[in-house]
1. Mean shadow of segment 26-65, computed from the convex hull of its alpha carbons, in nm²?
2. On full extension of the chain, what length is gained from residue 55 through residue 21, given 0.36 nm per residue of separation minus the C-alpha to C-alpha distance?
């Protein structure tokens with residue numbers, strides 16, 4: 001069975017967890033969600049008829065992203081003292 005995540009990512013979405021990024025803001029999460037929805041929908045901006053579905057998807061992806069980031073445990077490298 002093929003894994004759900006095959007290691008391919010939209011190039012404009014940045015990694016939002018330490019040590020790649022510190023101090024992630026809500027704006028960072030929403031920007032990533034917007035880029036994801038744009039990529040999946042195949043459109044930069046939705047038509048008026050699709051605006052509601054597009055905005056709802058961005059909000060849902062942002063919420064899921066925030067939950068994911070809150071739930072990830074990041075191991076810090078051991079200090080060499």
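1. Over every viewing direction, the Cα hull of segment 26-65 projects on average to 2.5 nm².
2. That works out to 9.7 nm of additional length.
A short reminder: the numbers here are calculations on the coordinates, not readings from a lab. Source: prediction; values computed, not measured.
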